[in-house]
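Data first, discussion second: the structure below is written as structure tokens.
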């Protein structure tokens, strides 16, 4: 995966925030992390990728960020269910757009939402993942791209 | 047309007996109906005869009564003076007689009476008794008739004289009556007998029809049951096949609808619920790309055309290998490969359906991919391996360590970079220094690919450096290059690990020190040689010991003793356990005398290396396994789980000997244990290499300056080739 492709993922997430709230998130310095030390916040939306390259892309966010995002879009119900749905929607947006961008080489699944310390997220163990930190209204989130 | 005819024939063939039985049933029914009609006609006709015979009785009585009335009128003078009434009565008499005559005539085969609707079926002449009775009636009637006829044409005013008639009539009246009665009775009996015969026939016909019907019922039900059983069996077989087969199977009609029956495996294989009767293309749509979907539709339509050869278009099947993905709850995508094939189902020359077979070929495809990957990796690694093999191992290890540290440092700089200003210029400079140093090291090691990658990385850093503000987007190429470098370093480490597996055996063979005949004749060598010969003699073996290397006598006493002890123990071990008896060696194509090669060399790095090699049978892990169990060191289960390497390492453990009997030379299992202990104490290390049936090779490294240690030696390396 080259920088162009990484940029696609960042753009999708940025545009989502911008469209929904009028403010794009700040994207922190990208770095690499081992499978055992990847950031996982309160809610995580995972899309699996198969085909030529296997792995996953996930967006993980603090509860406060998602709550704030919901309030921004005029949704007063900030229950966990709604927060899950929201992170799912972000992941779904990534999935839909990435599918359009990458074409048939990347087989992108529908998203799965995991809440809490999601140990169950399966990322390839043998490679380092790209970690793209996100900050929106001082709340933290991250976009993680882990592909073999 | 011919087909239809054949089918008809086939159908009749199957139901032939039923058709024959039903035809018979109808024939019997028609027969019974006919019989009933005949009986009815017969009874009607016979009734006429009986009636006529019965009329005779009545006519006789009427005649007698009329004659007596005429006679009474004449006697009592009540006779009409005009004679008119008598005349009428005479006419009546004559009419009665005529009727009597007409009946006789009819019975005799004459013309039928005007009031008869049909011909007589029963006449007295048909039966002997009846004929006799009829003849008697005629005989008795003839004189009476004659007298009646003489009264014919009476004249008005004249009193008819019935005297002569009465004279004839009175005596024979009763006889005639009785005869007529008997005739009637006889005819009745004849009619009844005939009717009984016909009814018998009718009953027989009905019985035959009923039996036939029962037979039809039995035969038809039997055939039906048999046919049902066959259908049921066929259905059960089909169900069994569909339930058990590991393939997805179903029929597809020209409207793309799936047949009512599908194999149970189908839903499991395609990962979605597949029901009979569904539209196959609808089922396929979410699984494949729009292009594949369209091509599949066209392909199926092509197959359904009978003018296109199936084999020719088979290669166009777009579903021969498709990848579908399913998401597991954890978010991981499970990718599977399916092969969907279509075969025509023909009736005559017409394609009625397509038989669709769905197979999960994930394993096959993955194996193929792994094979391709593996081939590619091997090719990549081969190139790298050549350089790595040429490189100095220590330098290479240093480089890898430095590269790993450097990359970690760069990654850490990225991680801790300011979210607003990015990486600072001094940090970029530091990154460039790391990259440059690593590039130089890689070039020195002739790791061209890594060197080039680092060069490209330097360029990226250079571009980054000139920026006044470095956004996260600007850092993306850095992260991508760092990841690439991590991967390359990991690949080199992988190759080294693989080489290590081979080198473990190779590297145990040290470069041989130059042969010095003088050294070879020194006292310590003679002592080793003599010890080897003694042992060999005791064990009926032959050995030759050769030595190359430094003068051991020149070593420090402690080191010399250690070398001496180790060599003596290795000799003992080799002669007792390793070297085969001369005959055995000959059979194995070896020289009869076992070769013991001892090298001692100064490594120039403050260590000496002792190498001891025999060309005996090597170490047999199975013998060690047995010894470990025998000595109680391992349970049979634990011993079973030990691999050859672990077992070989056990030769250094105290109290383990593969010898079943203890003698002065071996069996207590203390020799190699003691050597290991000695070397450990001197701060050295020992390694072992062996190939079963070929050799056993010990390599000991000892520091020249001995600093006794209490800790254990490095894990002895043992490689089994």
Subset of the range A:1-11, residues in a helix (DSSP H, G or I) and farther than 15 Å from residue A:135 by Cα, comes to A:3, A:4, A:5, A:6, A:7, A:8, A:9
All conditions in (1) surrounded by 16 or more Cβ atoms within 10 Å (Cβ to Cβ); (2) within 14 Å of chain B (Cβ to nearest Cβ); (3) touching a helix residue (DSSP H, G or I) at 6+ places or on another chain (Cβ under 6 Å); (4) more than 24 Å from residue B:420 (Cα to Cα) are true of residue A:84 except (3)
(message) With the structure loaded, tell me whether residue A:100 is away from chain B (no Cβ under 12 Å) and closer than 22 Å to residue A:18 by Cβ or whether it fails that test.
(response) yes
Problem set entry | Boolean, residue B:140 is over 16 Å from residue B:63 (Cβ atoms), surrounded by 15 or more Cβ atoms within 10 Å (Cβ to Cβ) and at pLDDT 85 or above | no
Just one listed residue, out of A:66, A:134, is touching a helix residue (DSSP H, G or I) at 6+ places or on another chain (Cβ under 6 Å) and either under 12 Å from residue A:49 (Cα atoms) or at pLDDT 85 or above (or both), and it is A:66
Matching residues in the range B:478-533 (at pLDDT below 70 and more than 30 Å from residue B:434 (Cβ to Cβ)) number 19
Of B:197, B:99, the only residue that is over 60 Å from the mean Cα position of the chain (by Cα) and surrounded by 14 or more Cβ atoms within 10 Å (Cβ to Cβ) is B:99
Taking the range B:285-313 and keeping residues touching a residue at least 24 places away in the same chain (Cβ under 8 Å) and surrounded by fewer than 15 Cβ atoms within 10 Å (Cβ to Cβ) leaves B:305, B:306
From the option list B:423, B:460, single residue qualifying as within 14 Å of chain A (Cβ to nearest Cβ), over 60 Å from the mean Cα position of the chain (by Cα) and surrounded by 19 or more Cβ atoms within 10 Å (Cβ to Cβ) is B:423
- prompt: Would you say residue A:77 is surrounded by fewer than 16 Cβ atoms within 10 Å (Cβ to Cβ) and away from chain B (no Cβ under 11 Å)?
  reply: yes
Among (1) out of contact with any strand residue (DSSP E or B) (no Cβ under 8 Å at 6 or more places or on another chain); (2) surrounded by 13 or more Cβ atoms within 10 Å (Cβ to Cβ), residue B:282 falls short only on (2)
Over the range B:463-492, the set of residues away from chain A (no Cβ under 14 Å) and either in a helix (DSSP H, G or I) or in contact (Cβ under 8 Å) with a residue 24 or more places away in the chain (or both) is B:465, B:492
Scanning the range B:398-416 for residues that are within 14 Å of chain A (Cβ to nearest Cβ) and loosely packed, with under 15 Cβ neighbours inside 10 Å gives B:408, B:409, B:412, B:416
Scanning the range A:1-17 residue by residue, those facing chain B (nearest Cβ under 7 Å) and either under 20 Å from residue A:67 (Cβ atoms) or free of Cβ contacts under 8 Å to residues at least 60 places away in the same chain (or both) turn out to be A:2, A:3, A:7
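The values are calculated or read from the model by the stated rules, or taken from the named source; none is laboratory data. Worth saying up front: this structure is predicted, and the values here are computed from it rather than measured. Methodologically, a virtual Cβ is constructed for each residue, glycine included, from the backbone with ideal geometry; neighbour enumeration extends over all protein chains shown.
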